[in-house]
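See structure below.
Derivation of every value follows stated rules applied to the coordinates shown; laboratory data play no part. Since this is a predicted model, take the numbers as computed values, not measurements. All Cβ positions, even for glycine, are placed from backbone atoms using ideal geometry, and neighbour counts span all protein chains on display.
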Amino acid sequence: MKKKDFAVGEHVFYPTAGVGVLEAIEALYFGGERQEYYVIRVPNSAVTIKVPTQNAERNGLRPLLPGRRLKELFRVLGEKGTDGPAGHWADRYKDLERRIQTGCCLQIGGVVRDLLRLKADNGLSFEETRLLETAAGYLTHEVAAIEGIGLDVAAARIREMVAGSGVS
């Protein structure tokens, strides 16, 4: 896979933080060697992250979804899919957390859909509720940044897609 070069000012997604803005590319000396880092500001959490440019893709840094892939996300949100995550809550939690940490927007969309379905059917554990908040927050910020809309509008759009699958 070809290394992706990001531009200053571009919105990007980082799996452990969500959507951020690439503010700079700076060189730092680490272990006596010069390394370049992407400096990413995550507005919703007031966090700044520095990701080595040479490891950016391996660490999950990616551009936001292009418009045609956004349609795929909405399709995933609206799918009937399976009956949702099964098994003991701790095993479910590990699987859902792993899917979120992939940084793949389609995986995260599936987590949101599955957790909303589980919430409607059986309720969620405290940990699952936190996962839902994290995943839904990531999706909301990405959809808002892609479409240039407010967070409330993006969240409503996501809820509409999931509600179309029979989940509210």
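Summary table below
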{"quantity": "Average projection area in nm² (convex hull over Cα atoms of the chain, one quarter of hull surface)", "calculated": "10.9 nm²"}
{"quantity": "Loop GluC sites (Glu not before Pro), region 94-163, which have at most 15 other Cβ atoms in a 10 Å radius of their Cβ (DSSP)", "calculated": "none"}
{"quantity": "Span from the region 117-168 Cα centroid across to the region 34-84 one, whole angstrom", "calculated": "16 Å"}
{"quantity": "Within-10-Å neighbourhood charge of G78 [Cβ basis; K, R +1; D, E -1]", "calculated": "+1"}
{"quantity": "Along each principal axis, Cα extent of region 12-82, largest first, Å", "calculated": "53, 24, 22"}
{"quantity": "Inverse mean reciprocal Cα-Cα distance (Kirkwood Rh) of region 67-163, Å", "calculated": "13.4 Å"}
{"quantity": "For region 107-146, alpha-carbon Rg relative to the globular expectation (2.2 N^0.38 Å, N residues)", "calculated": "1.16"}
{"quantity": "Two-site FRET efficiency, K119 against E23, from Cβ-Cβ distance with R₀ of 45 Å, rounded to 0.05", "calculated": "0.80"}
{"quantity": "Residue of G137, G20, G31 that the Gaussian network model of the chain assigns the largest fluctuation, springs spanning Cα pairs under 10 Å", "calculated": "G31"}
{"quantity": "Contact order relative to length of region 67-163, as percent, for alpha carbon pairs under 8 angstrom and 6 or more apart", "calculated": "33 percent"}
{"quantity": "Acute angle (nearest 10 degrees) that the helix 151-163 long axis makes with the longest principal axis of the chain, alpha-carbon atoms", "calculated": "40 degrees"}
